[in-house]
Amino acid sequence: MGIEINRFQGEVDEELLCPICSSVLENPLQAPNCEHAFCSACIHEWLSRQPTCPVDRQNITPPQLRPVPRILRNLLYRLQLTCDNSVYGCTAILKLDALESHVQECEFNPKRPVPCELGCGLVVPKDELKEHNCVRELRSLMQAQQSKLVEVQAEVAEGKFQMSEQKRELQLLKDYMLAMRNANPSLRILADQMEADEVRRWAETLPKARVLRWGGMISTPDTVLQLQAMIKRALSESGCPPHIIQDLMENAHERRWPTGLSSLEIRQLNRRQYENYVCRRIPGKQAVAVMACDNGHMNPDMILEPGLIMIFAHGVE
């Protein structure tokens, strides 16, 4: 499996030859005790059949093989040999460590990728260029892409179905919990805790936001109904628990805000406290969610359950 001796310029020392294939060592490894060296591919194939050294039959296993000494590697690297493509006209004489990169770029390499000059833009092996048919290859490529598209569409449809089933089962579970909560006070406490945990987990999936311009806050977003609809959709797409979305959207207006934010004058007085808010960025929007579960450190007159939405004209990052 090594490199044929007749490709090298001059004589090759016997210690540089693989005892298995009798060619010059390629990616050599040596046995641990007797230190006999072999091509990596040769010795692994040999050991797959019998766990002994091919030369003196000492027991060895693949994990025991180790790299050959540096002096042997240096001798191999100094060898000069002809290019693999010499039969196609290449006259280059190379050192072993430069062979691989040269062969890939060699202009005589029949398998070197070259672009089609007839206009299809495909890259094909050089020796296949004469038989290359742009229309046939493009048609084949298009059919492969269409087949892949069908597979992807089937996977997406299956994913949507599974998600729909999970949502249905989750809703059934929530309905069941609601019925049980109404019938049993102890279950009501458990259900409330589960909902609170769900809200907290969702909030933690949103990146923390920094508000650069609190003065850009839109405290009465009634006139921007389209913006409200976009934010509501963004909340839903982010995985916001459905049972709090409407509350959060209603809490986007100052008429629902806590007393510490209830008017422009009071907000100006409390302006310094804004920097203490933990804000969560609503994906893709100049808006943040200020959740009660994140802001237990704030004064009660600055926060609202389950949280409030602050919409900005600009200044959120």
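The values are calculated or read from the model by the stated rules, or taken from the named source; none is laboratory data. Because the structure is a prediction, the values reported are computed rather than measured. So basically every Cβ, Gly included, is an ideal-geometry build from the backbone, and we count neighbours across all protein chains shown. For the accessible areas, the whole protein counts, side chains as well, though only heavy atoms, and no ligand, DNA or RNA atoms are used. Shrake-Rupley method; radii C 1.70, N 1.55, O 1.52, S 1.80 Å.
A single entry from His297, His243 fulfils the requirement of being in a loop (DSSP other than H, G, I, E, B) and not aliphatic (A, V, I, L, M): His297.
Can you say whether Ala196 is of a type in the set (A, V, I, L, M), within 37 Å of the chain's Cα centre (by Cα), modelled with pLDDT of 85 or more and open to solvent by less than 90 Å² (accessible area, probe 1.4 Å), as far as the supplied structure shows? No; evaluated as a whole, the condition is false for this residue.
The set of residues from segment 1-21 being part of a loop (DSSP other than H, G, I, E, B) and either farther than 20 Å from Pro51 by Cα or at pLDDT 80 or above (or both) comprises Gly2, Glu4, Gln9, Gly10, Glu11, Val12, Asp13, Cys18, Pro19, Ile20, Cys21. Looking only at segment 290-310, which residues are closer than 18 Å to Thr259 by Cα and touching a residue at least 60 places away in the same chain (Cβ under 8 Å)? Met291, Pro306, Gly307, Leu308, Ile309, Met310, listed by residue number. Here Glu237, Glu254 are screened, and the one residue that is within 21 Å of Glu195 (Cβ to Cβ) and open to solvent by 40 Å² or more (accessible area, probe 1.4 Å) is Glu237.
Only one of these is of a type in the set (Gly, Ala, Ser), within 20 Å of Gly216 (Cα to Cα) and assigned to a helix (DSSP H, G or I): Gly260, Gly284. Name it.
Gly260
Taking the listed residues Arg78, Arg70, Arg66, Arg57, the one that is open to solvent by 60 Å² or more (accessible area, probe 1.4 Å) and in contact (Cβ under 8 Å) with a residue 24 or more places away in the chain is Arg66, with no other qualifying.
Looking across Asn295, Asn299, one residue alone is touching a helix residue (DSSP H, G or I) at 6+ places or on another chain (Cβ under 8 Å), surrounded by 17 or more Cβ atoms within 10 Å (Cβ to Cβ) and over 26 Å from Leu170 (Cβ atoms). It is Asn295.
Here's the yes/no breakdown for (1) hydrophobic (A, V, I, L, M, F, W, C); (2) buried (at least 19 other Cβ atoms within 10 Å of the Cβ):
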residue	(1), (2)
Trp214	yes, no
Thr220	no, no
Met230	yes, no
His243	no, no
Ile303	yes, yes
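Looking across segment 96-135 at every residue that is part of a helix (DSSP H, G or I) and in contact with a strand residue (DSSP E or B) (Cβ under 8 Å, 6 or more places away or on another chain), the one that is nearest to Pro28 (Cα to Cα) is identified as Leu96.
Screening Pro115 on (1) under 30 Å from the mean Cα position of the chain (by Cα); (2) surrounded by fewer than 13 Cβ atoms within 10 Å (Cβ to Cβ); (3) at pLDDT below 80 shows it passes everything except condition (1). Under the condition of being at pLDDT below 85, part of a helix (DSSP H, G or I), farther than 19 Å from Val278 by Cα and not hydroxyl-bearing (Ser, Thr, Tyr), the residues counted in segment 211-230 number 7.
So Gly89 clears everything in (1) out of contact with any Gly (no Cβ under 9 Å at 6 or more places or on another chain); (2) surrounded by fewer than 19 Cβ atoms within 10 Å (Cβ to Cβ); (3) at negative phi except one condition, right? Which one? Every listed condition holds for Gly89 apart from (3).
Residues being of a type in the set (Lys, Arg) and under 30 Å from Phe108 (Cα atoms): count how many of those fall in segment 42-85.
Taking segment 42-85 first, the residues of a type in the set (Lys, Arg) are 49, 57, 66, 70, 73, 78.
Restricting the remaining residues to those that are under 30 Å from Phe108 (Cα atoms) gives 73, 78.
Qualifying residue count, segment 42-85: 2.
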